[in-house]
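> Below: one structure in structure tokens.
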Amino acid sequence: MGNRSSLLLREEEIAQIQQESGFTPNQIERLYSRFTSLDRGDCGTLSREDFLRIPELAINPLGERIVNSFFQGDIYNDRVNFRQFMNVLAHFRPVKKNKDNKLNSREAKLKFAFKMYDLDNDDLISRDELLAILHMMVGANISEEQLTSIAERTILEADEDGDQMISFEEFCKALQRTDVEQKMSIRFLN
Amino acid sequence: MAPKLSEIFPESCLLIVVGVVIGVILVHVTGSVHMSPLTPDTFFIYMLPPIILDAGYFMPNRLFFDHLGTILLFAVIGTIFNTLAIGASLWAVGQTGMFQCGETPPLDMFLFAALISAVDPVAVLAVFEEIHVNEILYIVVFGESLLNDAVTVVLYHMFEAYSEMKDTGIITMDVVAGCANFFVVAIGGTVIGVFWGVATGFVTRFTNEVRVIEPIFIFVMAYMAYLCAEIFHMSGILAVTFCGITMKNYVEGNVSHKSHTTIKYTMKMLSSSSETIIFMFLGVATVNKLHMWNTWFVVLTIVFCSVYRAIGVIVLTALANRFRLNQLSKVEKFVMSYGGLRGAVAFALVLLIDEDKVHLQPMFMTTTIAVVYFTVFFQGITIKPLVKILNVKTAEKRKPTMNERIHEKLMDHLMTGVEDILGQHGNYHVRDRFKRFDNKYIRPFLLRNYQGAEPKILETYSKLAMRDAMEFMRRNASTIGNISGTESMSGIFKNYTAGNLDGSTSFSQLDSSNWNVDMQELEYNPSKKDLTDAKIHHLLAEELCQPKRHRRLSYSRHAVNDRDLSTQVNYKMHYNMRRLVGDSKRHHHKRHSKKLQKDGKQNHVSFPEFQQNGTAKQFSHDYISQVLSEEELPDPKSNKEEWDSPITFTAKSSLTDESIYSDGVKRTSRGSIDESTRVTTPTATETMLPWKRDDEDECSAPLQQSEFPAWASNKEYLAYNSPSATFLGGLENNRSSVIGLFRRDSAASGHVSSCESSPQKERRSSSGPNAVILIEEDVPDPLGVLTRQSTVPTTSQPPLTPNPRRQIRRGSMLEISGCVDDTSNNNTQTSHNNTEFHTRRKD
């Protein structure tokens, strides 16, 4: 399948993706083969179900959110093509100092994480949105009140303008001392 | 001068110097006695394990496993490379005859190289603790020094065995066996360590009943792991390291907070003691007469050590960087190679060499000491300024904030998800796998309170909440009293946190939201009954808490009694509350407060403001004051009278006992007490309790008592007020009645001997029998409470001796009053003496 998929990928497509996302051609081919192996219907796009068919992702507490983030760009489109797929993954490329990075800068990475919370796309994390994530991560063993107070404590900690929401700026500030570049990077195999 | 010295030199250097000085003195004083306190046995069996356990237990697990690949690369490949390179080079130079020490057999050289090439955990810890390099650098160097133990041990034993059997010849099989041995030693040590770590976690699950010995399990079991591994010739260091790494998470979840502190400090204390001793002994051991100095050999060894270390680091980081997400920079490479310190492990190993088999042993020893000194002194001293000059990222220690915790957790899950989508099984994937396995199978099995998937989030949260609370208490201690009573404690914290975090903006919003700081908080809405109950309980608690008795009561072999502190605080708190209650009677209160304050001064430090505030806060609830005022209302008149009138002391049934009883009875009896002080109708208890029913009729007249207990003549009684029969009476003007019983109860741990006579107030003649005489044997005046008139004849021990050895207060009281009643009945019938003793209250 790997061979076939690399054949299907045309040179200019590779060049375009390479330009957009910064992946090397080798990585692109490799990822394309992964893409096609996920694509059960062989239609060149992935649906949410295709993603969730990955067994580990299905049991990931945030699996659905992660899949959701692949469909960010276009709400009406419930399928993602290879270019979109690659653009999302480009967020996780390691930061290279001397290169101009658009998709994998620290800010882009933070934005990606922020979007994981921000369901309603209003660029604010509300208490309920945070609570929903906490629910997924912490699970059922902790009482609702505890989770609520954790969420409130968290918002209170980050909230600077007193609107009971975490804006993106506040989010970045809260993670000032975190090595986001390293934490949200992955070594893509060649 | 002193602070400067310690700034320039690492502790290890100074310790070695001290050791050398001591060694020199010892040699000169004792003459030719050869001092070698640092024998390999003491080193490996007693001194090394605590250091390694400390290292393993406080190892940042995640960091360690994130960089495990790099660490292993350095620990295994790096050490083998160093050994072979140094050994080969030394042998090659030896062939030229430069050392002029006769024959330099290659195997001896490799043996020496094996022990000299290993980076020493003790030395690395000692130096790196002080320079605070960033955590990645630290973990790589330190992890290497821990894990290379297996390699060193194997190489050392392998070359030792080879050099011993060099006569018979070494066949290929031996080499293969040596390599296989490495895996056995390393994996065996690890497995033993993990096994004992899990066992420790399992044991601590059941130690909640024996908190005092809880910490010892951690130490004993880790040491068992070490010994176990050593017995089977596995790597003991690996065993202890992995034992610490494994047990940590589970132990921390099981042990109490205090045990946690104990473990932490004991471990740190043991390890730094060991470290100190090791370096000092190293210094002492330097001074002996077995040295064989060979300048070229020493110099070349140092040169080879440094050069091959640098080469190894450069080559291996280049290799590691291919697989690493964050690349090791040039500066980091330099620090890594420069931080390859040699230390006491090498020295202990060189002492182990048998001089009969390896003739160059004295030279090896001298050289080892020289290398150790070189690395510890030269590199140890210069590494600090170098780190500064090279601008190495230094670590900042801090507690994670709530946001960081949660968002980093989210990123972890996110990265796991991305790895899964990519189909790559990297670090995140493995960790996620392990975590899931851990949560599903191991944690429920090892943890007493299994808390669910993300204990870290909860932990951070409760730590932060706690910190807020403490902070608040510290800063606003004086204002607590002013906070209106409707606010709960969590409300206070809420406001505080809000104010602390983002100014005053969000106060109102917070109040409207049901923000809850305290995870365990219950909204406490006491009913009137509860309040009354609590009040009496507090009063009793105050009386109970005579600080003197603490030591004795709290002594227990197997438990640390934590009540000491709290009861003392309660003591004052309740005193303040009492003051609130007795507010209308200034004079009583004053007198009493003086007494109490005296007590307070004697026995413990009191914080009047703080407790005052606490009290005010606690009891400024509307209904509380309502209850309190209710109670006060009826009392003044009766008490006034009572206060001045002499009190006749008769043997009667009384309510005191009920009022003294602990909570359950107290509640029901309180109402009746109130009544009976004013009205003479028998209370429910009076009619219920058998002995009371009995003498209902007979005892309408004061009972006589033929004999009087020893306390009756005790002048000390005069210093105190006589108790009143009812609880509230006692509450208003005199607390002693209740005090006496309990104080005695506790003061004389053996025979509780007490005579508590509770004369019914001035109403005694009309109300009939209402007093209880409780007389016990040993102590003449345990109460220090009762007053009596001197007219009462002093006699020997009374016949009415209740069952001795009543430990339970209530039981003894019942028993006693029963006895009293019986005897008094008898008395009435037989002698009819009609003796009353009047107890006058002395004011």
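The values are calculated or read from the model by the stated rules, or taken from the named source; none is laboratory data. None of these values were measured; they are calculated from a predicted model. Ideal geometry is used to build each Cβ from the backbone, glycine not excepted, and the neighbour counts take in all protein chains shown.
> Of the residues B:PHE364, B:PHE347, which single one is assigned to a helix (DSSP H, G or I), under 19 Å from B:PHE44 (Cβ atoms), over 42 Å from the mean Cα position of the chain (by Cα) and in contact (Cβ under 8 Å) with a residue 24 or more places away in the chain? Even if it seems obvious, please write down each step before you answer.
Numbers: B:PHE347 fails: over 42 Å from the mean Cα position of the chain (by Cα).
Criteria check complete, one pass: B:PHE364.
> Out of the residues in the stretch A:157-170 that are among the charged types (D, E, K, R) and more than 7 Å from chain B (Cβ to nearest Cβ), state the one that is surrounded by the most Cβ atoms within 10 Å (Cβ to Cβ). First the steps, then the outcome.
The initial filter retains those residues of the stretch A:157-170 that are among the charged types (D, E, K, R), namely A:157, A:159-161, A:163, A:169-170.
Going one step further and asking which of them are more than 7 Å from chain B (Cβ to nearest Cβ), we end up with A:161, A:163, A:169-170.
On the way: A:ASP161: 12, A:ASP163: 15, A:GLU169: 12, A:GLU170: 20.
Per the stated criteria, the residue is A:GLU170.
> Run down B:THR83, B:THR104, B:THR79 and say which single residue is in a loop (DSSP other than H, G, I, E, B) and crowded, with 17+ Cβ neighbours inside 10 Å. So that I can check it myself, show each step before the final result.
Values: B:THR83 fails: in a loop (DSSP other than H, G, I, E, B); B:THR79 fails: in a loop (DSSP other than H, G, I, E, B).
Answer to the check: B:THR104.
> Here is a further query. Do you know which of the residues in the stretch B:427-446 that are touching a residue at least 12 places away in the same chain (Cβ under 8 Å) and within 22 Å of B:ARG324 (Cβ to Cβ) is farthest from the other protein chains (Cβ to nearest Cβ)?
The selected residue is B:ARG431.
> Now for a different question. Please tell me if B:ASN449 is surrounded by fewer than 20 Cβ atoms within 10 Å (Cβ to Cβ), outside any helix (DSSP H, G or I) and more than 13 Å from chain A (Cβ to nearest Cβ).
Details: surrounded by fewer than 20 Cβ atoms within 10 Å (Cβ to Cβ): yes; outside any helix (DSSP H, G or I): yes; more than 13 Å from chain A (Cβ to nearest Cβ): no.
So B:ASN449 fails the test.
> Right, another one. Tell me, yes or no, whether the stretch A:90-107 has at least one residue that is away from chain B (no Cβ under 13 Å), buried (at least 17 other Cβ atoms within 10 Å of the Cβ) and touching a helix residue (DSSP H, G or I) at 6+ places or on another chain (Cβ under 7 Å).
yes
> Further, regarding this structure: Taking the stretch A:132-145, which residues are buried (at least 18 other Cβ atoms within 10 Å of the Cβ) and either more than 12 Å from every other protein chain (Cβ to nearest Cβ) or more than 17 Å from the chain's Cα centre (by Cα) (or both)?
Of everything in the stretch A:132-145, those that are buried (at least 18 other Cβ atoms within 10 Å of the Cβ) and either more than 12 Å from every other protein chain (Cβ to nearest Cβ) or more than 17 Å from the chain's Cα centre (by Cα) (or both) turn out to be A:LEU134, A:VAL138, A:ILE142.
> Just one of B:LYS388, B:LYS393 is on the phi < 0 side of the Ramachandran plot, charged (D, E, K, R) and away from every other protein chain (no Cβ under 12 Å); which is it?
On the way: B:LYS393 fails: away from every other protein chain (no Cβ under 12 Å).
None of the other options fit; the residue is B:LYS388.
> If you don't mind, another one. Take the residues of the stretch A:132-150 that are among the aliphatic types (A, V, I, L, M) and not in a helix (DSSP H, G or I): which is farthest from A:GLY63 (Cα to Cα)?
Taking the stretch A:132-150 as the starting set, the residues that turn out to be among the aliphatic types (A, V, I, L, M) are A:132-134, A:136-138, A:140, A:142, A:147, A:150.
With the extra rule that they be not in a helix (DSSP H, G or I), the set shrinks to A:140, A:142.
Working: A:ALA140: 17, A:ILE142: 20 Å.
The extreme case among them is A:ILE142.
> Turning to a different aspect of this structure: (1) more than 25 Å from B:GLU7 (Cα to Cα); (2) of a type in the set (Val, Ile, Thr); (3) at pLDDT below 85: which one isn't true of B:ILE131, the others all being true?
Condition (1) is where B:ILE131 drops out.
> Whether any residue in the stretch A:122-131 is more than 8 Å from chain B (Cβ to nearest Cβ), on the phi > 0 side of the Ramachandran plot and not in a helix (DSSP H, G or I) is what I want to check. Quick ask: steps written out before the conclusion?
Within the stretch A:122-131, the first condition is being more than 8 Å from chain B (Cβ to nearest Cβ), and the residues that meet it are A:122-129, A:131.
Among the residues that remain, those that are also on the phi > 0 side of the Ramachandran plot are: A:123.
Adding the requirement that they be not in a helix (DSSP H, G or I) leaves A:123.
The answer is yes; a qualifying residue exists.
> Is it true that some residue in the stretch A:171-190 is of a type in the set (A, V, I, L, M, F, W, C), at the interface with chain B (Cβ under 8 Å from one of its Cβ atoms) and more than 21 Å from the chain's Cα centre (by Cα)?
Start the filter on the stretch A:171-190 by keeping residues that are of a type in the set (A, V, I, L, M, F, W, C), which leaves A:171-172, A:174-175, A:180, A:184, A:186, A:188-189.
Going one step further and asking which of them are at the interface with chain B (Cβ under 8 Å from one of its Cβ atoms), we end up with A:171, A:174-175, A:180, A:184, A:186, A:188-189.
In the following step, the residues that additionally are more than 21 Å from the chain's Cα centre (by Cα) were identified as none.
So far as the stretch A:171-190 goes, no, none of its residues is of a type in the set (A, V, I, L, M, F, W, C), at the interface with chain B (Cβ under 8 Å from one of its Cβ atoms) and more than 21 Å from the chain's Cα centre (by Cα).
> Among the residues of the stretch B:313-327, write down those that are under 21 Å from A:SER185 (Cβ atoms), away from chain A (no Cβ under 13 Å) and either in contact (Cβ under 8 Å) with a residue 12 or more places away in the chain or within 40 Å of the chain's Cα centre (by Cα) (or both).
Here is the first cut: in the stretch B:313-327, the ones under 21 Å from A:SER185 (Cβ atoms) are B:317-327.
Within this subset, residues satisfying the condition of being away from chain A (no Cβ under 13 Å) are B:317-319.
B:THR317, B:LEU319, listed by residue number.
> Out of the residues in the stretch A:51-63 that are at the interface with chain B (Cβ under 10 Å from one of its Cβ atoms) and part of a helix (DSSP H, G or I), state the one that is nearest to A:LEU134 (Cα to Cα). Talk me through it step by step, then tell me what you get.
Step one: list which residues in the stretch A:51-63 are at the interface with chain B (Cβ under 10 Å from one of its Cβ atoms), which gives A:51, A:54-63.
Now narrow it down to the ones that are part of a helix (DSSP H, G or I): A:51, A:55-59, A:63.
On the way: A:PHE51: 22, A:PRO55: 22, A:GLU56: 20, A:LEU57: 18, A:ALA58: 18, A:ILE59: 16, A:GLY63: 14 Å.
Checking each candidate, the answer is A:GLY63.
> Taking the stretch A:146-156 as the region of interest, how many residues are of a type outside the set (Ser, Thr, Tyr), under 21 Å from B:LEU414 (Cβ atoms) and either in contact (Cβ under 8 Å) with a residue 24 or more places away in the chain or more than 7 Å from every other protein chain (Cβ to nearest Cβ) (or both)?
Adding up the residues that qualify gives 3.
> Within the stretch B:398-405, is there a residue that is of a type in the set (Ser, Thr, Tyr) and within 8 Å of chain A (Cβ to nearest Cβ)?
For the stretch B:398-405, residues of a type in the set (Ser, Thr, Tyr) and within 8 Å of chain A (Cβ to nearest Cβ): present.
> Is there a residue being part of a helix (DSSP H, G or I), in contact (Cβ under 8 Å) with a residue 24 or more places away in the chain and either more than 7 Å from chain A (Cβ to nearest Cβ) or exposed (fewer than 15 other Cβ atoms within 10 Å of the Cβ) (or both) anywhere in the stretch B:407-426?
If we filter the stretch B:407-426 for residues that are part of a helix (DSSP H, G or I), which is where we start, we get B:407-422.
With in contact (Cβ under 8 Å) with a residue 24 or more places away in the chain added as a condition, the list becomes B:409.
In the following step, the residues that additionally are either more than 7 Å from chain A (Cβ to nearest Cβ) or exposed (fewer than 15 other Cβ atoms within 10 Å of the Cβ) (or both) were identified as none.
Checked against the condition, which is being part of a helix (DSSP H, G or I), in contact (Cβ under 8 Å) with a residue 24 or more places away in the chain and either more than 7 Å from chain A (Cβ to nearest Cβ) or exposed (fewer than 15 other Cβ atoms within 10 Å of the Cβ) (or both), the stretch B:407-426 yields no hits at all.
> Among the residues of the stretch B:387-403, write down those that are within 19 Å of B:ILE136 (Cβ to Cβ), assigned to a helix (DSSP H, G or I) and in contact with a helix residue (DSSP H, G or I) (Cβ under 7 Å, 6 or more places away or on another chain).
Within the stretch B:387-403, the subset within 19 Å of B:ILE136 (Cβ to Cβ) is B:387-388, B:390-398, B:400.
This time we only want the ones that are assigned to a helix (DSSP H, G or I), so: B:387-388.
The one that is within 19 Å of B:ILE136 (Cβ to Cβ), assigned to a helix (DSSP H, G or I) and in contact with a helix residue (DSSP H, G or I) (Cβ under 7 Å, 6 or more places away or on another chain): B:VAL387.
Each row is one residue, and each column tells you yes or no for (1) closer than 20 Å to B:PHE445 by Cα; (2) at pLDDT 90 or above; (3) surrounded by fewer than 21 Cβ atoms within 10 Å (Cβ to Cβ).
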| site | (1), (2), (3) |
| --- | --- |
| B:TYR162 | no, no, yes |
| B:ASP167 | no, no, yes |
| B:ALA180 | no, no, yes |
| B:ALA186 | no, no, no |
| B:VAL251 | yes, no, no |
